[in-house]
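A quick write-up on the structure given underneath.
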Amino acid sequence: SSSSPSSSSPSHNATQQRLPGAIIIGVRKGGTRALLEMLNLHPDVEVAKAEVHYFNVEEHYSRGLTWYRAQMPFTLPGQLTVEKTPGYFATPQAPARVWNMNPAVRLLLIVRDPAERLVSDYTQVLHNRLTRHKPYQPLEELLLLKGHIDPSYKALQRSLYHQHLARWLEVFPREQIHVVDGDALIRDPFPELRKAERFLDLPPRISPDNFYYNTTKGFYCLLSSGHDKCLDESKGRPHAPLSLQAFKKLCHYFRKPNQLFFDMVGRSFSWC
Ligand code: A3P
(Lines give C-alpha, C1' and ligand atoms only; values in the text may rest on other atoms or scores of the structure.)
Protein backbone atom coordinates (compact mmCIF):
# COMPACT_ATOMS: atom_id res chain seq x y z
CA SER A 1 0.00 0.00 0.00
CA SER A 2 1.47 3.37 1.02
CA SER A 3 5.07 2.10 1.33
CA SER A 4 4.35 0.71 -2.09
CA PRO A 5 6.42 -0.83 -4.82
CA SER A 6 4.47 1.43 -7.17
CA SER A 7 6.66 4.28 -5.99
CA SER A 8 9.84 2.35 -6.78
CA SER A 9 11.28 1.79 -10.23
CA PRO A 10 8.90 -0.01 -12.60
CA SER A 11 11.81 -2.17 -13.76
CA HIS A 12 12.28 -3.55 -10.22
CA ASN A 13 12.48 -7.37 -10.33
CA ALA A 14 9.07 -8.81 -9.71
CA THR A 15 6.96 -5.70 -9.75
CA GLN A 16 4.70 -5.45 -12.72
CA GLN A 17 1.32 -4.11 -13.65
CA ARG A 18 -1.45 -6.64 -13.29
CA LEU A 19 -5.17 -6.67 -14.06
CA PRO A 20 -7.34 -6.01 -10.99
CA GLY A 21 -8.37 -8.92 -8.80
CA ALA A 22 -11.10 -6.76 -7.30
CA ILE A 23 -13.09 -3.79 -8.60
CA ILE A 24 -15.21 -1.26 -6.72
CA ILE A 25 -18.05 -0.91 -9.26
CA GLY A 26 -20.12 1.78 -7.46
CA VAL A 27 -22.28 3.37 -6.41
CA ARG A 28 -21.46 6.92 -7.40
CA LYS A 29 -21.26 9.03 -4.19
CA GLY A 30 -21.53 5.88 -2.11
CA GLY A 31 -18.11 6.30 -0.51
CA THR A 32 -16.09 4.65 -3.28
CA ARG A 33 -13.00 6.83 -2.73
CA ALA A 34 -13.04 6.25 1.03
CA LEU A 35 -13.33 2.49 0.53
CA LEU A 36 -10.47 2.43 -2.00
CA GLU A 37 -8.15 4.52 0.18
CA MET A 38 -8.99 2.42 3.22
CA LEU A 39 -8.34 -0.87 1.40
CA ASN A 40 -5.03 0.61 0.32
CA LEU A 41 -3.96 0.60 3.99
CA HIS A 42 -3.53 -3.16 3.59
CA PRO A 43 0.05 -4.18 2.78
CA ASP A 44 -1.13 -6.75 0.22
CA VAL A 45 -3.27 -4.24 -1.68
CA GLU A 46 -2.27 -1.73 -4.35
CA VAL A 47 -4.81 0.57 -5.92
CA ALA A 48 -5.18 2.52 -9.15
CA LYS A 49 -5.19 6.10 -7.84
CA ALA A 50 -7.38 7.60 -10.58
CA GLU A 51 -10.72 6.26 -11.79
CA VAL A 52 -10.00 4.13 -14.85
CA HIS A 53 -13.36 4.22 -16.73
CA TYR A 54 -12.38 1.26 -18.91
CA PHE A 55 -15.61 -0.77 -19.01
CA ASN A 56 -17.93 2.25 -19.29
CA VAL A 57 -16.20 4.52 -21.82
CA GLU A 58 -16.09 3.19 -25.42
CA GLU A 59 -12.96 5.11 -26.29
CA HIS A 60 -11.12 3.37 -23.43
CA TYR A 61 -12.69 -0.05 -23.90
CA SER A 62 -11.73 -0.10 -27.57
CA ARG A 63 -8.07 0.15 -26.55
CA GLY A 64 -8.23 -3.31 -25.02
CA LEU A 65 -6.72 -4.99 -21.97
CA THR A 66 -3.18 -3.81 -22.69
CA TRP A 67 -4.36 -0.24 -22.14
CA TYR A 68 -6.34 -1.27 -19.08
CA ARG A 69 -3.35 -3.05 -17.52
CA ALA A 70 -1.17 -0.01 -18.17
CA GLN A 71 -3.46 2.05 -15.87
CA MET A 72 -2.74 -0.28 -12.94
CA PRO A 73 -0.15 0.18 -10.16
CA PHE A 74 3.01 -1.91 -10.04
CA THR A 75 2.64 -4.86 -7.70
CA LEU A 76 4.61 -7.77 -6.29
CA PRO A 77 3.39 -11.30 -6.93
CA GLY A 78 0.66 -12.06 -4.40
CA GLN A 79 -0.46 -8.48 -4.05
CA LEU A 80 -4.03 -7.62 -4.97
CA THR A 81 -4.70 -4.87 -7.50
CA VAL A 82 -7.88 -2.85 -6.94
CA GLU A 83 -9.46 -0.15 -9.07
CA LYS A 84 -12.64 1.87 -8.53
CA THR A 85 -14.90 3.39 -11.16
CA PRO A 86 -18.39 4.16 -9.81
CA GLY A 87 -19.68 4.59 -13.37
CA TYR A 88 -19.49 0.82 -13.95
CA PHE A 89 -22.48 0.02 -11.77
CA ALA A 90 -25.08 1.77 -13.97
CA THR A 91 -23.46 0.92 -17.34
CA PRO A 92 -25.46 -1.83 -19.11
CA GLN A 93 -22.44 -3.24 -20.99
CA ALA A 94 -20.14 -3.35 -17.96
CA PRO A 95 -21.10 -6.70 -16.35
CA ALA A 96 -20.39 -8.81 -19.45
CA ARG A 97 -17.23 -6.86 -20.20
CA VAL A 98 -15.89 -7.34 -16.67
CA TRP A 99 -16.74 -11.05 -16.86
CA ASN A 100 -14.83 -11.35 -20.13
CA MET A 101 -11.80 -9.74 -18.51
CA ASN A 102 -11.85 -12.19 -15.60
CA PRO A 103 -14.89 -14.25 -14.57
CA ALA A 104 -13.33 -14.75 -11.11
CA VAL A 105 -12.83 -11.04 -10.34
CA ARG A 106 -14.28 -9.96 -7.00
CA LEU A 107 -16.72 -7.07 -7.04
CA LEU A 108 -17.31 -4.54 -4.28
CA LEU A 109 -20.49 -2.47 -4.26
CA ILE A 110 -20.74 0.29 -1.68
CA VAL A 111 -24.28 1.57 -1.20
CA ARG A 112 -25.73 4.41 0.77
CA ASP A 113 -29.20 5.73 1.55
CA PRO A 114 -30.47 6.36 -2.01
CA ALA A 115 -32.12 9.70 -1.11
CA GLU A 116 -28.89 10.99 0.49
CA ARG A 117 -26.95 9.62 -2.47
CA LEU A 118 -29.18 11.53 -4.90
CA VAL A 119 -28.65 14.81 -3.05
CA SER A 120 -24.89 14.13 -2.95
CA ASP A 121 -24.93 13.37 -6.70
CA TYR A 122 -26.81 16.62 -7.42
CA THR A 123 -24.38 18.55 -5.18
CA GLN A 124 -21.40 17.21 -7.14
CA VAL A 125 -22.96 18.14 -10.50
CA LEU A 126 -23.90 21.58 -9.13
CA HIS A 127 -20.36 22.14 -7.91
CA ASN A 128 -18.92 21.21 -11.32
CA ARG A 129 -21.32 23.56 -13.10
CA LEU A 130 -20.57 26.43 -10.72
CA THR A 131 -16.80 26.06 -11.16
CA ARG A 132 -17.26 26.07 -14.98
CA HIS A 133 -19.60 29.09 -14.75
CA LYS A 134 -22.42 27.10 -16.33
CA PRO A 135 -26.10 27.65 -15.57
CA TYR A 136 -27.79 25.29 -13.12
CA GLN A 137 -31.26 24.38 -11.91
CA PRO A 138 -32.26 24.01 -8.27
CA LEU A 139 -32.63 20.40 -7.18
CA GLU A 140 -36.36 20.70 -6.61
CA GLU A 141 -36.91 21.78 -10.22
CA LEU A 142 -35.12 18.71 -11.49
CA LEU A 143 -36.68 16.33 -9.00
CA LEU A 144 -40.33 17.35 -9.06
CA LEU A 145 -42.74 17.60 -11.95
CA LYS A 146 -46.09 19.18 -10.93
CA GLY A 147 -45.34 18.27 -7.33
CA HIS A 148 -44.53 14.62 -8.08
CA ILE A 149 -41.18 12.88 -8.28
CA ASP A 150 -39.98 12.89 -11.90
CA PRO A 151 -38.72 9.37 -12.62
CA SER A 152 -36.73 10.57 -15.62
CA TYR A 153 -34.24 12.53 -13.47
CA LYS A 154 -30.86 10.87 -14.04
CA ALA A 155 -29.63 11.15 -10.45
CA LEU A 156 -32.84 9.49 -9.31
CA GLN A 157 -32.29 6.60 -11.71
CA ARG A 158 -28.77 6.10 -10.39
CA SER A 159 -30.33 5.51 -6.95
CA LEU A 160 -32.53 2.65 -8.22
CA TYR A 161 -29.96 0.10 -7.09
CA HIS A 162 -32.09 -2.97 -7.81
CA GLN A 163 -32.31 -2.14 -11.52
CA HIS A 164 -28.57 -1.92 -11.93
CA LEU A 165 -27.72 -4.83 -9.66
CA ALA A 166 -30.15 -7.06 -11.59
CA ARG A 167 -27.91 -6.72 -14.66
CA TRP A 168 -24.80 -7.69 -12.68
CA LEU A 169 -26.60 -10.71 -11.25
CA GLU A 170 -27.44 -11.89 -14.77
CA VAL A 171 -23.70 -12.33 -15.21
CA PHE A 172 -22.09 -12.82 -11.77
CA PRO A 173 -23.11 -15.12 -8.92
CA ARG A 174 -24.31 -13.27 -5.81
CA GLU A 175 -21.30 -14.50 -3.75
CA GLN A 176 -18.92 -12.67 -6.07
CA ILE A 177 -20.40 -9.27 -5.16
CA HIS A 178 -19.70 -7.94 -1.67
CA VAL A 179 -22.03 -5.18 -0.52
CA VAL A 180 -20.45 -2.55 1.72
CA ASP A 181 -22.70 -0.35 3.87
CA GLY A 182 -21.58 3.16 2.97
CA ASP A 183 -23.47 4.78 5.86
CA ALA A 184 -21.75 2.40 8.29
CA LEU A 185 -18.39 3.20 6.66
CA ILE A 186 -18.96 6.88 7.44
CA ARG A 187 -19.96 6.21 11.08
CA ASP A 188 -17.25 3.67 11.87
CA PRO A 189 -15.01 2.44 9.06
CA PHE A 190 -13.15 -0.42 10.74
CA PRO A 191 -15.92 -3.09 10.87
CA GLU A 192 -16.69 -2.60 7.18
CA LEU A 193 -12.99 -2.92 6.32
CA ARG A 194 -12.68 -6.13 8.32
CA LYS A 195 -15.59 -7.63 6.35
CA ALA A 196 -14.03 -6.50 3.07
CA GLU A 197 -10.68 -8.11 4.01
CA ARG A 198 -12.50 -11.37 4.66
CA PHE A 199 -14.34 -11.19 1.32
CA LEU A 200 -11.05 -10.54 -0.47
CA ASP A 201 -9.31 -13.44 1.34
CA LEU A 202 -6.76 -11.03 2.77
CA PRO A 203 -5.15 -11.65 6.15
CA PRO A 204 -6.58 -9.12 8.65
CA ARG A 205 -4.05 -6.25 8.63
CA ILE A 206 -6.17 -3.13 8.80
CA SER A 207 -6.71 -2.14 12.43
CA PRO A 208 -8.85 0.37 14.34
CA ASP A 209 -5.59 2.32 14.89
CA ASN A 210 -5.61 3.16 11.18
CA PHE A 211 -8.58 5.49 11.71
CA TYR A 212 -9.22 8.56 13.80
CA TYR A 213 -12.18 10.87 13.87
CA ASN A 214 -11.24 14.32 12.63
CA THR A 215 -13.58 16.79 14.30
CA THR A 216 -12.71 19.58 11.85
CA LYS A 217 -13.60 17.45 8.83
CA GLY A 218 -16.43 15.67 10.60
CA PHE A 219 -15.27 12.36 9.11
CA TYR A 220 -12.78 9.62 9.84
CA CYS A 221 -9.30 10.14 8.43
CA LEU A 222 -6.55 7.58 7.81
CA LEU A 223 -3.35 6.90 9.71
CA SER A 224 -0.63 4.75 8.23
CA SER A 225 3.06 4.54 9.19
CA GLY A 226 2.92 7.93 10.88
CA HIS A 227 1.14 9.61 7.98
CA ASP A 228 -2.21 11.26 8.43
CA LYS A 229 -4.60 11.54 5.52
CA CYS A 230 -8.11 12.89 5.12
CA LEU A 231 -10.08 12.68 1.87
CA ASP A 232 -10.15 15.93 -0.10
CA GLU A 233 -12.78 18.64 0.36
CA SER A 234 -14.99 17.22 -2.42
CA LYS A 235 -15.71 14.30 -0.09
CA GLY A 236 -18.08 15.09 2.75
CA ARG A 237 -19.11 18.53 1.63
CA PRO A 238 -22.37 20.22 2.67
CA HIS A 239 -25.32 19.11 0.59
CA ALA A 240 -27.41 21.42 -1.58
CA PRO A 241 -30.64 22.39 0.19
CA LEU A 242 -33.85 20.45 -0.37
CA SER A 243 -37.15 21.09 1.38
CA LEU A 244 -38.20 18.56 3.98
CA GLN A 245 -41.40 18.02 2.02
CA ALA A 246 -39.52 17.09 -1.16
CA PHE A 247 -37.10 14.88 0.78
CA LYS A 248 -40.04 13.01 2.28
CA LYS A 249 -41.51 12.46 -1.20
CA LEU A 250 -38.15 11.08 -2.23
CA CYS A 251 -38.06 8.68 0.71
CA HIS A 252 -41.55 7.51 -0.11
CA TYR A 253 -40.62 7.04 -3.76
CA PHE A 254 -37.65 4.82 -2.87
CA ARG A 255 -39.59 2.51 -0.54
CA LYS A 256 -40.45 -0.12 -3.16
CA PRO A 257 -37.18 -0.02 -5.10
CA ASN A 258 -35.31 -0.33 -1.78
CA GLN A 259 -37.31 -3.39 -0.80
CA LEU A 260 -36.52 -4.98 -4.18
CA PHE A 261 -32.83 -4.28 -3.58
CA PHE A 262 -32.97 -5.77 -0.05
CA ASP A 263 -34.57 -8.94 -1.44
CA MET A 264 -31.87 -9.13 -4.10
CA VAL A 265 -28.94 -8.83 -1.68
CA GLY A 266 -30.56 -10.76 1.17
CA ARG A 267 -30.21 -8.06 3.80
CA SER A 268 -31.83 -4.75 4.66
CA PHE A 269 -30.57 -1.27 5.44
CA SER A 270 -32.17 1.39 7.61
CA TRP A 271 -32.65 3.92 4.86
CA CYS A 272 -35.18 6.78 5.04
P1 A3P B 1 -20.83 13.46 0.61
O2 A3P B 1 -19.85 14.37 -0.02
O3 A3P B 1 -22.19 13.54 0.04
O4 A3P B 1 -20.84 13.52 2.11
P5 A3P B 1 -17.58 8.87 -3.55
O6 A3P B 1 -16.14 8.76 -3.18
O7 A3P B 1 -18.15 7.57 -4.04
O8 A3P B 1 -17.83 10.03 -4.46
O9 A3P B 1 -18.41 9.14 -2.23
C10 A3P B 1 -18.32 10.36 -1.55
C11 A3P B 1 -18.92 10.18 -0.18
O12 A3P B 1 -18.04 9.40 0.63
C13 A3P B 1 -19.10 11.46 0.58
O14 A3P B 1 -20.38 11.95 0.26
C15 A3P B 1 -18.95 11.03 2.05
O16 A3P B 1 -20.15 11.08 2.77
C17 A3P B 1 -18.49 9.59 1.95
N18 A3P B 1 -17.41 9.23 2.88
C19 A3P B 1 -17.33 8.03 3.50
N20 A3P B 1 -16.29 7.99 4.33
C21 A3P B 1 -15.67 9.19 4.22
C22 A3P B 1 -14.53 9.76 4.85
N23 A3P B 1 -13.81 9.05 5.75
N24 A3P B 1 -14.17 11.02 4.51
C25 A3P B 1 -14.91 11.73 3.63
N26 A3P B 1 -16.01 11.25 3.01
C27 A3P B 1 -16.39 9.99 3.29
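The values are calculated or read from the model by the stated rules, or taken from the named source; none is laboratory data. It should be emphasised that the depicted structure is a prediction, and the values quoted were computed from it without experimental measurement. Methodologically, a virtual Cβ is constructed for each residue, glycine included, from the backbone with ideal geometry; neighbour enumeration extends over all protein chains shown. Heads up: the accessible areas ignore ligands, DNA and RNA and are worked out on the full protein's heavy atoms, side chains in. Shrake-Rupley method; radii C 1.70, N 1.55, O 1.52, S 1.80 Å.
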Here is a list of conditions, (1) over 18 Å from the mean Cα position of the chain (by Cα); (2) open to solvent by less than 30 Å² (accessible area, probe 1.4 Å); (3) more than 19 Å from Gln79 (Cα to Cα), and Leu185 meets all of them except one; can you say which number that is?
(1)
For Asp209, indicate whether it is more than 10 Å from the ligand (Cβ to nearest atom), assigned to a strand (DSSP E or B) and open to solvent by 60 Å² or more (accessible area, probe 1.4 Å).
no
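Does Glu37 count as modelled with pLDDT of 95 or more and more than 16 Å from the ligand (Cβ to nearest atom)? Walk me through how you get there before you give the answer.
Working: modelled with pLDDT of 95 or more: yes; more than 16 Å from the ligand (Cβ to nearest atom): no.
So Glu37 does not fit the description; no.
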Every listed condition ((1) within 10 Å of the ligand (Cβ to nearest atom); (2) in a loop (DSSP other than H, G, I, E, B)) holds for Thr216 save (1)
Given the conditions (1) within 14 Å of the ligand (Cβ to nearest atom); (2) open to solvent by 30 Å² or more (accessible area, probe 1.4 Å), which single one is not true for Val47?
(2)
Quick check: is even one residue across the range 132-142 away from the ligand (no atom under 16 Å from the Cβ) and within 21 Å of Thr81 (Cβ to Cβ)?
no
Filtered residue count, the range 218-272, keeping only those that are among the charged types (D, E, K, R), out of contact with any Gly (no Cβ under 9 Å at 6 or more places or on another chain) and open to solvent by less than 80 Å² (accessible area, probe 1.4 Å)
1
Please work out which one of (1) within 13 Å of the ligand (Cβ to nearest atom); (2) over 19 Å from the mean Cα position of the chain (by Cα) is the condition Lys229 fails and give its number.
(2)
